[in-house]
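Just below is one structure, and these are the notes that go with it.
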Number of protein chains: 4
Amino acid sequence: MGKIRVGILGATGAVGQRFVQLLEDHPWFELTVLAASDRSVGKRYAEACHWILPEEMPERVRDMVLQDCTPGLECELLFSALPSHIAREVEPTFAEAGYIICSNASAYRMEPDIPLLIPEVNPDHTGLIETQRQRRGWSGFIITNPNCTTTHLVSALKPLHEAFGLEKVFVVSMQAISGAGYPGVASLDILDNVIPYISGEEEKVESEPRKLLGRLAGDHIEMAPFQVSAQCNRVDVRDGHTECVSVALRHSASREDIVEALRSFRSVPQEKRLPHAPDPAIIVRDEPDRPQPVLDRLAGDVPGMATVVGRIRPCPLLDWKFVVLGHNTIRGAAGGALLNAELLVAQGWIAS
Amino acid sequence: MGKIRVGILGATGAVGQRFVQLLEDHPWFELTVLAASDRSVGKRYAEACHWILPEEMPERVRDMVLQDCTPGLECELLFSALPSHIAREVEPTFAEAGYIICSNASAYRMEPDIPLLIPEVNPDHTGLIETQRQRRGWSGFIITNPNCTTTHLVSALKPLHEAFGLEKVFVVSMQAISGAGYPGVASLDILDNVIPYISGEEEKVESEPRKLLGRLAGDHIEMAPFQVSAQCNRVDVRDGHTECVSVALRHSASREDIVEALRSFRSVPQEKRLPHAPDPAIIVRDEPDRPQPVLDRLAGDVPGMATVVGRIRPCPLLDWKFVVLGHNTIRGAAGGALLNAELLVAQGWIAS
Amino acid sequence: MGKIRVGILGATGAVGQRFVQLLEDHPWFELTVLAASDRSVGKRYAEACHWILPEEMPERVRDMVLQDCTPGLECELLFSALPSHIAREVEPTFAEAGYIICSNASAYRMEPDIPLLIPEVNPDHTGLIETQRQRRGWSGFIITNPNCTTTHLVSALKPLHEAFGLEKVFVVSMQAISGAGYPGVASLDILDNVIPYISGEEEKVESEPRKLLGRLAGDHIEMAPFQVSAQCNRVDVRDGHTECVSVALRHSASREDIVEALRSFRSVPQEKRLPHAPDPAIIVRDEPDRPQPVLDRLAGDVPGMATVVGRIRPCPLLDWKFVVLGHNTIRGAAGGALLNAELLVAQGWIAS
Amino acid sequence: MGKIRVGILGATGAVGQRFVQLLEDHPWFELTVLAASDRSVGKRYAEACHWILPEEMPERVRDMVLQDCTPGLECELLFSALPSHIAREVEPTFAEAGYIICSNASAYRMEPDIPLLIPEVNPDHTGLIETQRQRRGWSGFIITNPNCTTTHLVSALKPLHEAFGLEKVFVVSMQAISGAGYPGVASLDILDNVIPYISGEEEKVESEPRKLLGRLAGDHIEMAPFQVSAQCNRVDVRDGHTECVSVALRHSASREDIVEALRSFRSVPQEKRLPHAPDPAIIVRDEPDRPQPVLDRLAGDVPGMATVVGRIRPCPLLDWKFVVLGHNTIRGAAGGALLNAELLVAQGWIAS
């Protein structure tokens, strides 16, 4: 039984590079296709790509030749790191042609028939796939992972929502520069500075959590009935988004209840031991000054895949406040899409 | 009619240096005394002080000799940049001996009979001074300015509270390293990082605003009846605290109402044209990505004294959210104490 | 007698913005023309320009409309902040049409009949202008200022060359990100990093000093007979290039001789009191750890125009080593071109 | 045959923590002793130590109790991360008592009878040990590793010296903040800045290389006959020193000769496959803009132990110039001392 052949759409960008790195020596997937924009098609990967990761570029991709983002690629599953406006055009052509798309793009996240997935949070939402195929007449399908800030926020909220019911969520993020891709944020804009604005980000963080924590109701998701208010900032940090969160809960909970709910949380990826599932999924720190990006962004047994929570304390206005931290280009982007693909395998949506 | 002779307690530290700089060529005050801890007493200022400001050390203070922090100093008014635990011991000895203390320390801010002042916000709270003198038997007195984060938060809240009534305030701060003094934050702790914790800070930001916006009721302040929830973070920015704020208001207000209330705000310092009063006191920016520390921390006609507000927009949970920015060691510390002293002169508490 | 009308070619970029800022309220020049690339032509300056300076955009340029970079502009003198390959095409068309060009571009710096000027260093090199006009049949002319790193290096070397004769120069630079323009250096490339390479920079720093310190010999410059070895690095500093320099001198000099030569140096700009001439031109610091960008880049009476030298000490291999620091976008770019224009006025090349 | 018991003197500081991390699961050494200053003695390591490494503190050291830095410790070999002035007092008392000291302190580096060692460079200098014991009457002995900047400089120079003979060396360093320990460099001193001075550093870099590349001549080292000129700067980089180097060689060499000499260099640690020996010892990069701290400080098969060289090109003044980069707290400090200890085992100075 061979490995499943996979490809990357948008392979030369910041997220594309993370896919390349994470797929090196994957036990289930073999990277056979790198696709990119016209400008790069026909070039060797090592030549077309300005590699920005500290880890050296894997030897075997250096000479792979970049292909066009059009069906005909030799693989079953595609990871999409395309910009959203291009993803909107390109991804359906592949789904129609029978490919499975695990997309990091925001284009289709909020479509009613397209799953927005965090395997620990709502693995059952893959139940939308059949609806999607029927409605759109596709032989393949698209699944998506949420925005980087949403991902870690909802990973931390899930056990609380399950145990105590969320009513309100305040979140202020301090987001890393790698979230803007490459070249992304100009150094003159961020050195000795904070930018209190990221285009489109607050809208995503205020809407995606309600779909992720929503209920699969046949052919659509019933949005979870809580409100989110988000304020998103860029800070001069390479990797790792920090989020200050306050929540109101339906049922009262003690600090011990909160900690216990977070620490004991395990879900499908941990139970099925998916290759990129961190265990524990959520790391709770007791120190007064943690989590911090430089110390915690790679915490846990699968570097960059866990969510770290700290500073759990009462909120004078809502119920509890705490700090959430997670790696934005691993679990918050490429790693999130990859774990989604691993979930698809575990659920039998794709066979090797 | 000569200038009022003033001195600085804790003159060699980060805030002490700002006092030195701001007092250069002051129209009303003449700096005659520099006092510091035992370690520095007897040394020339230029020798005892590791000067960290980009502006050159003023020529005339270089050869001033540092004195002991005990009464007998040749001046009428003292600016205190002492650490809080030392301020607690030292400041009363001066007040008893007849000195006026304008203190930046937190030691006495929340005492019922000691004014916590922002001249634009609660200039009438100097009405506590007589109570203080009587109760404590002092010929001098102490007034205080709030924490750096509180200062700019409350400066922005004041016009809203006056016009629409505050009910709830959420604030998440991203605070500059200069707020921790010198040497303060280790570079290994903050490069490529966020520290989601500043010791004692959240408690101050949650309590001081209620006193500042409270009502003078004879011999005490009636706390304003709203709640604040604060989360304070350190970021790698030299100067300028950025604060993400959400507020609930008692009376409904449109975005135009909010902007108008902030833009038109003038108070005693502007009317009396105090030397360090910024005019306008509040600068409202319309761009989607302002204010930013590097662009706005020195904005306005008196550098570092104004509060800058931007990104005013509806909050899905409360009523309005916005971003507040201000200079933490100027208006947020030394400049705040200096404007308080100027208010005392304008109100006739001290004569030249 | 009115002001001289001046314009800026490439007005929206980082150096263009510095020209705008430095020309505000200039005693001799009036800014009447802003020109830029096709993309911006016809737009208001405030709209076309992503302003990156902490100083607010001057009110009077906000509504000025950007014009095409072709002759016909209403002014006598043009400051060029064009990219080099565009400067190469555009600048001669203006010189031919009678304009005076003070160019910051590298395109024509090393041409034999085009002056490469630092007013303190080689003001007599304007003697090339007549040769240039005759040879090229131009009614206007072009003068240039050197590369930012060269500028401060040669400003410090000039008094030493004059007094003791330079034989060899080693220089390793640590250059600010603003030197790369905007957006310029990506934050992902420079946070927590050093880039030991700047394209084309070392070649400039190894060649320009020999022309600047060369001798006007009728219709050309005789290169000064010393060698330079340069290594150029980018560091995460906003403004201010730091240079570690070692020199071998023809005649022996004591440390006191070196300091005296630097401190006492005055030249045409200081004698003629040109509006942007710093006095002193060179600031010598005695502390062991100065100059530093954050403390010294704006040192002196005309912010950003002086060169700061420190750490003068013997070199085990050559004769003396020291550290040079200067502002790269003020004296090292726009300010350098502006002082060149002021020199032209003082020398009578242009009349108001 | 059991593991050799080792301890750390100065275990709670920045270098001490690196020793702890590098000794986790070491094949030959077992960490049995943690010693520190009086202030920490008797406390648990987890309690006494402000851990600053991104890697989590190893579980097994958390509860180890800190001991006094006096003989009687239960181990054969001690790694010393003591400050130099303390090392000067403390290390001899251990050597006299029979312990082997592998010291990172500078105190004894230049003593004639104490080896200053880089295992790849001068493994035969352990020949001084017998002289040292006899002369001092010690049953144990001290060996030292060089300064962090020297270490990588000399690692790169060794193959060139061997093949072509060094005559002159210029070096300008851009050093990481971790080199100053913890808390070390204040963030206010280094954000947006370069500090062109590190106390005592240039003296070390100008003297240590001559001993390291010197010749063992019976009971002393004959210094290598070349001169070094060093200029040392601090930059805002967490880990990894970057050095711009120029060399004059006795025998002429082409660029290919230089590259070949560096790339093919192997020495005792590589041949004996010491656990922390990187292979290759020197990594040569061909890109124009490498090495860079963020990309190359952990390069190679043993993270942080290799030296990376790039930008090899002719020098207009000497013969060749190039850029050297290496990790300062791994190979440049704790890792260097550890490899020295591994060399001692390989040479039979200590038996397990």
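Could you check how many residues of the range D:225-260 are out of contact with any strand residue (DSSP E or B) (no Cβ under 7 Å at 6 or more places or on another chain) and touching a residue at least 60 places away in the same chain (Cβ under 8 Å)?
The number of residues fulfilling the criteria is 7.
Does any residue in the range B:56-75 that is under 18 Å from B:LEU22 (Cα atoms) come within less than 6 Å, Cβ to Cβ, of a residue that is among the polar types (S, T, N, Q) and surrounded by fewer than 19 Cβ atoms within 10 Å (Cβ to Cβ) six or more places away or on a different chain, and which pairs are these?
B:CYS75/B:THR32
Inspect all residues belonging to the range C:220-240 and state whether any of them is assigned to a helix (DSSP H, G or I) and not hydroxyl-bearing (Ser, Thr, Tyr). Talk me through it step by step, then tell me what you get.
Start the filter on the range C:220-240 by keeping residues that are assigned to a helix (DSSP H, G or I), which leaves none.
Checked against the condition, which is being assigned to a helix (DSSP H, G or I) and not hydroxyl-bearing (Ser, Thr, Tyr), the range C:220-240 yields no hits at all.
Do any strands (runs of 3 or more DSSP E) entirely within the range D:18-121 hold 2 or more residues that are β-branched (Val, Ile, Thr) and in contact with a strand residue (DSSP E or B) (Cβ under 6 Å, 6 or more places away or on another chain), and if so, which? Walk me through how you get there before you give the answer.
Numbers: elements: D:29-35, D:77-80, D:100-103.
The strands (runs of 3 or more DSSP E) meeting that bar are D:29-35, D:100-103.
Name the single residue, out of those in the range D:275-297 being in a loop (DSSP other than H, G, I, E, B) and more than 13 Å from chain C (Cβ to nearest Cβ), that is surrounded by the most Cβ atoms within 10 Å (Cβ to Cβ). Write out each step before concluding.
So the first thing to find is which residues in the range D:275-297 are in a loop (DSSP other than H, G, I, E, B), and the list is D:275-281, D:285-292, D:297.
With the extra rule that they be more than 13 Å from chain C (Cβ to nearest Cβ), the set shrinks to D:275-281.
Values: D:PRO275: 15, D:HIS276: 21, D:ALA277: 24, D:PRO278: 24, D:ASP279: 15, D:PRO280: 16, D:ALA281: 26.
In this case the residue turns out to be D:ALA281.
Suppose we filter B:GLY304, B:GLY332 for residues that are farther than 30 Å from A:SER246 by Cα, within 14 Å of the chain's Cα centre (by Cα) and not basic (Lys, Arg); which single one remains?
Details: B:GLY332 fails: farther than 30 Å from A:SER246 by Cα.
Exactly one residue qualifies, and that residue is B:GLY304.
Scan C:ALA253, C:ALA261 and give me the residue that is touching a Phe, Trp or Tyr at 6+ places or on another chain (Cβ under 8 Å), among the small types (Gly, Ala, Ser) and either in a loop (DSSP other than H, G, I, E, B) or closer than 28 Å to C:PRO27 by Cα (or both).
Details: C:ALA261 fails: either in a loop (DSSP other than H, G, I, E, B) or closer than 28 Å to C:PRO27 by Cα (or both).
Just one listed residue meets the conditions, C:ALA253.
Mind listing whichever residues of the range B:306-352 are among the aliphatic types (A, V, I, L, M) and either within 11 Å of another protein chain (Cβ to nearest Cβ) or closer than 21 Å to B:ASP289 by Cβ (or both)? Spell out the reasoning first.
Quick first cut of the range B:306-352, residues among the aliphatic types (A, V, I, L, M) only: B:306, B:308-309, B:312, B:317-318, B:323-325, B:330, B:333-334, B:337-339, B:341, B:343-346, B:350-351.
Matches in the range B:306-352: B:ALA306, B:VAL308, B:VAL309, B:ILE312, B:LEU317, B:LEU318, B:VAL323, B:VAL324, B:LEU325.
Take the conditions within 30 Å of A:GLU24 (Cα to Cα), free of Cβ contacts under 8 Å to residues at least 40 places away in the same chain and more than 9 Å from chain B (Cβ to nearest Cβ) and apply them to A:VAL268. Does it pass? Give the steps one after another, and end with the answer.
On the way: within 30 Å of A:GLU24 (Cα to Cα): yes; free of Cβ contacts under 8 Å to residues at least 40 places away in the same chain: no; more than 9 Å from chain B (Cβ to nearest Cβ): yes.
Here the answer is no, as A:VAL268 does not meet what is asked.
Please find, among D:LYS158, D:LYS211, D:LYS168, the residue that is more than 14 Å from chain B (Cβ to nearest Cβ), outside any helix (DSSP H, G or I) and over 25 Å from B:GLY179 (Cβ atoms).
Working: D:LYS158 fails: outside any helix (DSSP H, G or I); D:LYS211 fails: outside any helix (DSSP H, G or I).
The unique qualifying residue is D:LYS168.
Please enumerate the residues belonging to the range B:171-190 that are outside any helix (DSSP H, G or I), of a type in the set (Val, Ile, Thr) and within 14 Å of chain D (Cβ to nearest Cβ). Break it down into steps so the answer makes sense when it comes.
Quick first cut of the range B:171-190, residues outside any helix (DSSP H, G or I) only: B:171-176, B:181-186.
After this cut, where a residue has to be of a type in the set (Val, Ile, Thr) as well, the list is B:171-172, B:185.
Within the range B:171-190, B:VAL185 is the sole residue that qualifies.
Could you check A:LEU153 against (1) outside the structural domain of A:LEU339 (by TED's automatic domain parsing); (2) over 15 Å from the mean Cα position of the chain (by Cα); (3) part of a helix (DSSP H, G or I) and say which number it fails?
(2)
Surrounded by fewer than 16 Cβ atoms within 10 Å (Cβ to Cβ), closer than 12 Å to C:LEU9 by Cα and acidic (Asp, Glu) - does that describe any residue in the range C:65-72? Please lay out each step first, then the result.
Residues of the range C:65-72 that are surrounded by fewer than 16 Cβ atoms within 10 Å (Cβ to Cβ), as a first pass: C:65, C:68, C:70-72.
If we keep only those that are closer than 12 Å to C:LEU9 by Cα too, we end up with C:68, C:70-71.
Still in the list and also acidic (Asp, Glu): C:68.
Yes, the range C:65-72 contains a residue that is surrounded by fewer than 16 Cβ atoms within 10 Å (Cβ to Cβ), closer than 12 Å to C:LEU9 by Cα and acidic (Asp, Glu).
Does B:ALA346 fit the bill of being over 30 Å from A:PHE226 (Cβ atoms), in contact with a helix residue (DSSP H, G or I) (Cβ under 8 Å, 6 or more places away or on another chain), surrounded by fewer than 21 Cβ atoms within 10 Å (Cβ to Cβ) and among the aliphatic types (A, V, I, L, M)? Reasoning before the result, please.
Working: over 30 Å from A:PHE226 (Cβ atoms): yes; in contact with a helix residue (DSSP H, G or I) (Cβ under 8 Å, 6 or more places away or on another chain): yes; surrounded by fewer than 21 Cβ atoms within 10 Å (Cβ to Cβ): yes; among the aliphatic types (A, V, I, L, M): yes.
Here the answer is yes, as B:ALA346 does meet what is asked.
Looking only at the range C:1-17, count how many residues are of a type in the set (Gly, Ala, Ser), in a loop (DSSP other than H, G, I, E, B) and at pLDDT 95 or above. Lay out the reasoning, then the answer.
Of the range C:1-17, the ones of a type in the set (Gly, Ala, Ser) are C:2, C:7, C:10-11, C:13-14, C:16.
Now restrict to residues that are in a loop (DSSP other than H, G, I, E, B): C:2, C:10-11, C:13.
With the extra rule that they be at pLDDT 95 or above, the set shrinks to C:10-11.
Total meeting the criteria: 2.
Listed here are the residues, each with its yes/no results for (1) touching a strand residue (DSSP E or B) at 6+ places or on another chain (Cβ under 9 Å); (2) surrounded by fewer than 20 Cβ atoms within 10 Å (Cβ to Cβ).
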residue	(1), (2)
B:PHE265	yes, no
B:ARG273	no, yes
B:GLY310	yes, no
B:THR329	no, no
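Of all residues in the range A:91-131, which are more than 19 Å from the chain's Cα centre (by Cα) and surrounded by 22 or more Cβ atoms within 10 Å (Cβ to Cβ)?
A:PHE94, A:ALA95, A:TYR99
Which residues, taken from the range B:214-236, are touching a Pro at 6+ places or on another chain (Cβ under 6 Å) and more than 13 Å from chain A (Cβ to nearest Cβ)? Please lay out each step first, then the result.
Keep residues of the range B:214-236 that are touching a Pro at 6+ places or on another chain (Cβ under 6 Å), which gives B:220, B:227-229, B:233.
Correct list: B:HIS220 only.
Residues in the range A:300-308: is at least one outside any loop (DSSP other than H, G, I, E, B), charged (D, E, K, R) and touching a Pro at 6+ places or on another chain (Cβ under 9 Å)?
Just the residues of the range A:300-308 that are outside any loop (DSSP other than H, G, I, E, B), to begin with: A:307-308.
Going one step further and asking which of them are charged (D, E, K, R), we end up with none.
Looking through the range A:300-308, none of the residues is outside any loop (DSSP other than H, G, I, E, B), charged (D, E, K, R) and touching a Pro at 6+ places or on another chain (Cβ under 9 Å).
Could you run through the range D:225-241 and say how many residues are more than 21 Å from C:VAL294 (Cα to Cα) and either surrounded by 20 or more Cβ atoms within 10 Å (Cβ to Cβ) or β-branched (Val, Ile, Thr) (or both)?
Residues of the range D:225-241 that are more than 21 Å from C:VAL294 (Cα to Cα), as a first pass: D:225-230, D:239-241.
Within this subset, residues satisfying the condition of being either surrounded by 20 or more Cβ atoms within 10 Å (Cβ to Cβ) or β-branched (Val, Ile, Thr) (or both) are D:226, D:228-230, D:239-241.
Count: 7.
Which of the numbered conditions does C:ASP219 fail, given that it passes all the others? Conditions: (1) in contact with a Leu (Cβ under 8 Å, 6 or more places away or on another chain); (2) surrounded by 16 or more Cβ atoms within 10 Å (Cβ to Cβ).
Evaluating C:ASP219 over (1) in contact with a Leu (Cβ under 8 Å, 6 or more places away or on another chain); (2) surrounded by 16 or more Cβ atoms within 10 Å (Cβ to Cβ) leaves (2) as the failure.
The values are calculated or read from the model by the stated rules, or taken from the named source; none is laboratory data. Keep in mind it's a predicted model, so treat the numbers as computed, not measured. Neighbour counts run over all protein chains shown; Cβ positions are idealised from the backbone, glycine included.
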